[in-house]
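These notes concern the structure reproduced below.
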Amino acid sequence: MRHFRLGIVRPAQIILLGFLALIAIGSLLLMLPFATRPSESTSLLDALFTATSASCVTGLVVADTFTHWTAFGQAVILLLIQIGGMGVVTIAVFFSMLSGKKISLKQRWVMQESISAPQVGGILRQTTFILKTALSIELIGAVLLAFRFIPRFGVGKGVWYAVFHSVSAFCNAGFDLMGTNAPFSSLTDFTGDPLVVLTIFALILSGGIGFLLWGDLRDHGLTLREYSLQSKLVLAVSTVLLLGGFAFFLYEFSLPQWAGYSAGQRVLAALFQTITPRTAGFNTVDLNTLSEPGQLMTVLLMLVGGATGSTAGGFKVNTLAVLLLGMAAAFRAKPNAEVFGRRLSETAVRNAAAIFSLYLILFLSGGILICCIDHIPLAGALFETSSAVATVGLSLGYTPGLSLASHLILIVLMYVGRVGGLTLMYAVVEQDAMMGAVQLPLEHVTVG
């Protein structure tokens, strides 16, 4: 490509290459003999899949994290989750700042792209704020979880479990170490435990609402009218999804197959099942027991995900908001989408439609391919692909037994889902083409 020959590398290309490098290094570390327990073995594909899942904060696994990996392997996975969740560029710039190196304008530009900041100005202060806040939230989460895990697992193991699950939850990764009870059991032993459920819930939510909303909360407190339009949209759509999802799953857990659960367990399960698809990947119930509408609702929540500039995946709640506002403007024959006294740009509406369409194409095509290759039910294949492309990690149990080709499909989906569709497009499309330097004659086409 011309930009590489001229030595001009765009921020999107740096982000893509950064994640590829992280995945490659993680794969090599997980291939080391002492990363795997003596009774287990790790192939290159298994190491690559696990490193991709951790770096892209997905949580899909081909082997149980506790029973397959040693403490070293688990530490590598945790490090990949932390770097992948906060962003490769964010971590790199932060360490450059700690070393006293001067941060160039180009590095600030890349940083802006990495965290989806509206401007370059103040980007270093914002980066420091993001990392300090993230580490503080993870520390608080670990302390709260330690009250439950230390009595159960002992001091050393309890502290490690608390730290691991706090980071995994905040980064919306979904990796767990509960295979000590039963492989792939996730948090099913804690369905009715308010301390664990509510702590993990809060960690997932705080990591998924977006770094820009953190800044508005810091600068304006609870004065919502001072928030940026993006923060208002994130809050509005997230509230609707949480309340609507909670109401639906209260109905779901009232069905006969959940008769063995107490009223308190059902409420906690409904609350957790509302937040975990966005896009954390933990589960406190057996997902195969969910009704078909329950599994479909989970898929839809997975695809939406969290907010732009957060640790969550999906096509994002603010993207959904812009898409719906654009539709509303079209239905009302208005020239522009409007909300909260502001007008949205045509570019924002067009990009939202493109992102939504890309995720839908990847989700459907990946599911159909896996269904044809491995002859599993289409609904199950679509559940796994939605989990991969939205970087969630929830699974109906099909992923470990899939073929090489299907695992490669999931790896590609996880990578594209983490770096983002627009980032991928900006990385491979020439700048002149994106700017539309030459405009062709206009001709109208009827739609609808």
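Where Lys and Arg each count +1 and Asp and Glu each count -1, what net charge lies around Ala182 among other residues with Cβ under 10 Å from its Cβ?
Spelling it out: positives minus negatives among the neighbours equals -2.
How much length would be gained if the chain were fully extended between Ala354 and Leu17, taking 0.36 nm per residue of separation minus their Cα-Cα distance, in nm to one decimal?
Contour length minus Cα-Cα distance gives 119.0 nm.
Roughly speaking, what is the stretch gain from Ala236 to Ser365, that is 0.36 nm per residue apart minus the C-alpha to C-alpha distance, in nm to one decimal?
Full-extension gain reported as 43.3 nm.
So, in nm, how far is label Leu404 from label Thr223 when the simple model puts each one 7 Å beyond its Cα toward the Cβ?
6.2
How much net charge surrounds Phe383 when only other residues with a Cβ under 14 Å from its Cβ are counted (Lys, Arg +1; Asp, Glu -1)? Kindly include the intermediate steps, with their values, before the conclusion.
Working: positive: none; negative: Asp286, Glu292, Asp374, Glu384.
The answer is -4.
Scan the chain and note any complete DSSP helix (H) whose C-alpha atoms cover at least 27 Å along its axis and whose Kyte-Doolittle average is 0.0 or more.
Answer set is 11-31, 123-153, 229-252, 346-374.
For the chain, give the magnitude of the charge dipole about the Cα centre (Cβ charges: +1 Lys/Arg, -1 Asp/Glu; no others), in debye to the nearest 20.
Computed charge dipole of the chain: roughly 1320 debye.
Looking at the chain, identify the longest residue range that excludes and avoids all GluC sites (Glu not before Pro) in DSSP loops having at most 12 other Cβ atoms within 10 Å.
1-429
With every protein chain present, what is the per residue accessible area of the chain (1.4 Å probe, Å²)?
The answer is 45 Å² per residue.
Given the convex hull of the Cα atoms of the chain, what is a quarter of its surface area in nm²?
24.2
If I compute solvent accessible area with a 1.4 Å probe over the protein chains, what percent of it on the chain is carbon and sulfur?
68
Pop a pseudo-label 7 angstrom from the Cα along the beta-carbon direction at both Glu346 and Phe34 and give the gap in nm to one decimal.
6.2
Expressed as a rounded percentage, what relative contact order does the chain have, with Cα pairs under 8 Å and six or more residues apart?
Once divided by the residue count of the chain, the mean separation gives 18 percent.
In the chain, once you exclude exposed trypsin sites (Lys or Arg not before Pro) (DSSP loop, at most 12 other Cβ within 10 angstrom), what's the longest stretch remaining?
For trypsin sites (Lys or Arg not before Pro) (loop position, at most 12 other Cβ atoms within 10 Å), the longest site-free span of the chain is 103-331.
How much mean residue ellipticity at 222 nm does the chain get from its helices, if each DSSP H run of length 4 or more adds -39500 (n - 2.57) and you divide by all residues, to the nearest 500 deg cm²/dmol? Walk me through the numbers on the way to the answer.
Working: 20 runs with 286 residues, N = 448.
The helix-only estimate for the chain comes to -20500 deg cm²/dmol at 222 nm.
Which aspartates and glutamates have a Cα less than 17 Å from the Cα of Lys316, not counting those fewer than 8 places away in the same chain?
The reachable aspartates and glutamates, counting only those whose Cα sits under 17 Å from Lys316, are Glu113.
The values are calculated or read from the model by the stated rules, or taken from the named source; none is laboratory data. All values reported here derive from a predicted model rather than from experimental measurement. Using ideal geometry, Cβ is built from the backbone for each residue, glycine included, and neighbour counts are taken over all protein chains shown. Surface accessibility is based on the protein's heavy atoms, side chains included, excluding ligands, DNA and RNA. Shrake-Rupley method; radii C 1.70, N 1.55, O 1.52, S 1.80 Å.
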